[in-house]
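Working notes for the structure below.
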Amino acid sequence: MKAMVLRGPNTAFELTQVPDPTPGPGEAVAKVVTCGAGLTIQHAKAGRRKIEFPRIIGHEITGEIVAVGAGVSGLKVGDGVTSYFYLNCGHCRPCLTMLEPLCENTGGNVGLECDGGYAEYIKLPAHIFIKYPESLDYKKHPAEMGVITDALATPYKVLRRASIKGGETVAVIGAGGGIGIHQLMMAKWANARVIAVDIAADKFDACRKAGADEVVNPKDGDVVETLRDLTHGKGVDVVIDYVSTAATQEAGMKALGQRGRLVILGGAAQPFNVSARDMLTKEQAILGSRYVTRAEILEACDLVARGDVWPLVTVLKPLQEAEAVHDLVERGQVTGRAALRVA
Ligand SMILES: [Zn+2]
């Protein structure tokens, strides 16, 4: 099969002929139709996230099962599937209690610790594939459906993690990014008042279209003051930080009002200072949020099937153009998600 192979950190993709994968016991193989291209996997390509090489990256797939190994139940040839991002074991306590991202025996991530979707076929443990609900027209919109598994489901999960209620004010830091923009969409769907915070002013139109009621550029002035002004001095109810530097997290905490919640998801994940006094007197909380459960992916699929929300894919190119697409991702020039068409 044809595959886009990375041979080392910070190298270009090589279009390579590699052996077709065959499923062993408990495994399945899918023909890949599309695969999303986001910043998480660009971090690996650029060498900022350590992985082993050679590697075929990519996890936001839409595919169709073409072969199943011995002992596999629940999947058959022809099934439309996407992929869970974590190589979770499926039988530890977190896995059995709908907390799969916290798996005690995790094997890492699809497309990072094993080969992923930038190839004609992908082989995974069968339970890592997720069958699309019948209601979802994955054949008509494979790229959009393929990014639900991360770009849309992750923000959907945050609504629950932070117990966001209708009428609350939600600020999203890094709102112009691939997941941030879907967070605006999901917060609007939850009937929140939505504030986009980003330094990429060229993304503000897209932020408004996705659901932002207000946009704030930290380059234009003090972001904490601006968020306080926008809430008549009360502070916002929830800050969702997709950047998570010390500066963004400290600003996020200071912008919170009573019972405010700061949700941390950003890749920077830097240590930061908080006021214990503020947390105590205002009953504030800090929450980490790590990927999603399978149930949350299926629920996000249901929302898309109903037309409540729609994944934003603005760049769709053939697999052969992966290098050019990743250049756009690296430079922050993709609005929403980019995806590659494989078949
Ligand atoms: Zn597990």
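The values are calculated or read from the model by the stated rules, or taken from the named source; none is laboratory data. Just so we're clear, the structure is a prediction, and the values are computed from it rather than from any experiment. Here Cβ is always computed from backbone atoms with ideal geometry, including for glycine, and neighbour counts include all displayed protein chains. Just the protein is used for accessible areas: all its heavy atoms, side chains included, with ligands, DNA and RNA removed. Shrake-Rupley method; radii C 1.70, N 1.55, O 1.52, S 1.80 Å.
Calculate, for the chain, the solvent-accessible area per residue in square angstrom, rolling a 1.4 angstrom probe over the heavy atoms of the protein chains.
Here the per-residue accessible area is 43 Å².
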Review point. Label-point separation (nm) for Ala324 and Trp310, each offset 7 Å from Cα along Cα-to-Cβ?
Key: 2.6
Check your understanding: Any idea what the alpha-carbon Rg over 2.2 N^0.38 Å comes to for the chain?
Key -> 0.99
Practice item. Quick one: net charge around Val243, please, counting Lys, Arg +1 and Asp, Glu -1 for every other residue with C-beta under 13 Å from its C-beta. Key: -3
Check your understanding: Antiparallel DSSP bridges in the chain: what percent, to the nearest 5?
Key -> 50
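Can you give me the % of accessible surface on the stretch 1-142 that is carbon or sulfur? Probe 1.4 Å, all protein chains present, nothing else counted.
Working: 3420 of 6300 Å².
C and S fraction of accessible area: 54 percent.
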Revision key, fill the gap. Looking only at lysines whose Cα falls under 19 Å of Lys76's and that sit 8 or more positions away or on another chain, we get Lys31, Lys123, Lys131, Lys139
Exercise for review: May I have the extent of the alpha carbons of the stretch 56-176 along their three principal axes, as whole Å values ordered from largest to smallest?
Suggested key: 50, 37, 28
**Study point:** Formal net charge of residues neighbouring Phe204 (Cβ-Cβ distance under 14 Å; K, R +1; D, E -1)
**Key:** -2
Review point. Per residue of the chain, what 222 nm ellipticity follows from adding -39500 (n - 2.57) for every DSSP H run with n ≥ 4, rounded to the nearest 500?
Key: -7000 deg cm²/dmol
Check your understanding: Under a straight-distance cross-link criterion of Cα-Cα below 20 Å, which lysines are reachable from Lys188, leaving out those fewer than 8 residues away in the same chain?
Key -> Lys157, Lys165, Lys203, Lys209
